[in-house]
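Okay, so here's the structure we're looking at.
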Amino acid sequence: MEDYQSSSGESFPFLELPPELILRVCDYLDSFTVINILSKVCLFLSDLANDELIWKTRIRKRWPRKRYPAVQTNNIDWKDACISRESEYRKWANPAEHMQRKDIHFGICIDVAHITKNDHLIIGLRNHTLYNFKISDIPMACSSNGVAQDGENHSIYVNDISSKTTFQKFAHEGWIWAICSDESKLCSGGWDAKIKLWEYSGEEISSYKCGSAVLCSSMMGNEILAGTFNKTLFKIDSRGKEPIASQKIHARAVLCMQQTKRWIITSSESKIINIIDRNTLKTINTAKIPAGYPGCMSLVGNTMYIGSNLGAIYIYSFDEQLGCLAYIETIENGHEKTVRSVRQTLGCIVTASKDSMCKIWEPSGTPSVIHTLSSTKEKDEICTMDYRNDKLVMGTGEGTLSLFRLKQTNT
């Protein structure tokens, strides 16, 4: 590595510094740079950058007196965790500097918006229309150098970008209420009691009858799960023509679900959370939140966030071996109205509510709010939100879709 010269003109090898001083220098660099760039200089720096204890300690120094992760686990990559925490905090503590916003006006309620792993934005409208955009094709408000400037117009109408859609289809004979996806297929569920499977091009692959309005869905491999208004869970093999199994699992409508390789977790207006064996569709365990009923859930690893109809946000731990939930804590000062969506990463928690607010939280115990976003109009309820791949989207009851993504930098 290059020798550096002091002010007196004397040179010294950087790598001959004591490790604690090298670490001190690294404190002035972001963790991504140290882990992915500096580590490639030599074996010594590679060993230093791959020491998990260094990144665990760095997180605790930068966010002292905060329990991280919110649910304790031994299954965490501290390098990834540190990169994610620093990245999420940097962009959301000052979104005006790091994020671009585009408001797209559809003029009708947006019931569901979903970001796919391959960066498509799928939107379901109250008029039964399904849109598919490639996010990179949506023009963001920016000046000629590609960087958004304060005071620029961030709003457009959907007709202004209709040519950018991969497809726009009258997809269901009822409201579109649920969307999920994998790398090759899209799945939509609606109040016409149908689950439909689509190619990304818009070609319909198959349609399945579920007997009642589909309120939530999830995909894993060839298997599709659908929760319905008539309290029933359907299991569908996407290679077949009919659902392969169904089971009445709640006393009221199935509102949301999460799944793992062994379990399906569902919630209902009956206030009960069911943990279901995915092979037999039998309920193995149940749980209940302290107040109200769960309206949305997010499960990553052993950490479950639950948003309630009363605006509260709860943290639970999930035991994959036993298939059970354990209450950890309630996040104070959540929302004033129903929480419609919750998402989590290693670096932040995102919640959206009918109170017109979308909050980005620290991913720790007793978390603080990093930043609060709001809909474009006062009291315009947020109906749906998704966050993936550094992109956040939220849709409102009056038909405005707000898209946030990282600003383009000069090259």
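The values are calculated or read from the model by the stated rules, or taken from the named source; none is laboratory data. Because the structure is predicted, anything quoted here is derived from the model rather than measured. Note: ideal-geometry Cβ built from the backbone for every residue, glycine included; neighbour counts use all protein chains shown. Each accessible area value is taken on the protein alone, full model and side chains, heavy atoms only, with ligands, DNA and RNA left out. Shrake-Rupley method; radii C 1.70, N 1.55, O 1.52, S 1.80 Å.
Divide the volume of the convex hull around the Cα atoms of segment 209-344 by the residue count and you get 97 Å³ per residue. Three principal axis extents describe the C-alpha atoms of segment 271-358; from largest down they are 40, 28, 21 Å.
Distance between the pseudo-spin-label points of Glu199 and Glu173 (7 Å out from Cα toward the beta carbon): 2.5 nm.
For the chain, the solvent-accessible area with a 1.4 angstrom probe is 46 square angstrom per residue. The accessible surface of the chain, taken with every protein chain in place and a 1.4 Å probe, is 48 percent carbon and sulfur.
What is the Rg over Rh value, at two decimals, for segment 349-411, using alpha-carbon atoms and the Kirkwood definition of Rh? My calculation of the ratio gives 1.02. Between Thr366 and Lys209, the modelled label-to-label distance comes to 5.6 nm, taking each label 7 Å out from Cα in the direction of the beta carbon. In this model, which of Lys169/Lys194; Lys288/Lys337; Lys185/Lys407; Lys169/Lys337; Lys40/Lys134 are farther than 25 Å apart at the alpha-carbon? Beyond 25 Å between Cα atoms: Lys185/Lys407; Lys169/Lys337; Lys40/Lys134.
When the alpha carbon coordinates of segment 287-409 are projected onto the principal axes, the ranges are 43, 36, 22 Å, largest first. Rounded to the nearest 20, the size of the Cβ-charge dipole of segment 165-262 about its Cα centre is 480 debye, with Lys and Arg at +1 and Asp and Glu at -1. Charges were assigned to the Cβ only: +1 to each Lys and Arg, -1 to each Asp and Glu. The resulting dipole of the chain about its Cα centre is roughly 1400 debye. Computed from the Cβ-Cβ distance with R0 of 56 Å, the FRET efficiency linking Lys379 to Asn222 stands at 0.85.
Taking mean projected area of the Cα convex hull in nm² as calculated from this structure, the corresponding entry among (i) 20.1; (ii) 21.1; (iii) 22.8 is (iii). Computed as a quarter of the hull surface, the mean projected area of the alpha carbon convex hull for segment 55-124 stands at 7.4 nm². Which log10 I(q)/I(0) values does segment 146-266 give at q = 0.12, 0.14, 0.20 Å⁻¹ under the Debye formula, counting every alpha carbon as one identical point scatterer? For the requested q values the scattering log ratios are -0.50, -0.63, -1.04.
Relative contact order of the chain: 14 percent, from C-alpha pairs under 8 Å at least 6 residues apart in sequence. Sorting 397-404, 337-344 by their mean Cβ neighbour count within 10 Å, with the most densely packed peptide first, gives 337-344, 397-404. Using only Cα atoms, locate the centre of segment 263-309 and the centre of segment 96-123, then give the distance between them in Å, rounded to an integer. After rounding, the separation between the Cα centres reads 27 Å.
Considering only beta bridges that DSSP places wholly inside the chain, some 95 percent are antiparallel.
Taking the Cβ-Cβ separation of Arg65 and Asn159 as r and a Förster radius of 35 Å, what is the calculated FRET efficiency to the nearest 0.05? So, using R0 = 35 Å, E works out to roughly 0.10. For the chain, modelled as a GNM whose springs connect Cα atoms under 10 angstrom apart, the maximal fluctuation among Phe32, Phe234, Phe106 occurs at Phe32. Compared with the alpha-carbon gap, the fully stretched path from Lys288 to Ile108 is longer by 61.3 nm at 0.36 nm per residue.
Site pair Thr73 and Lys56 shows an inter-label distance of 1.5 nm when each label is modelled 7 Å from Cα along Cα→Cβ.
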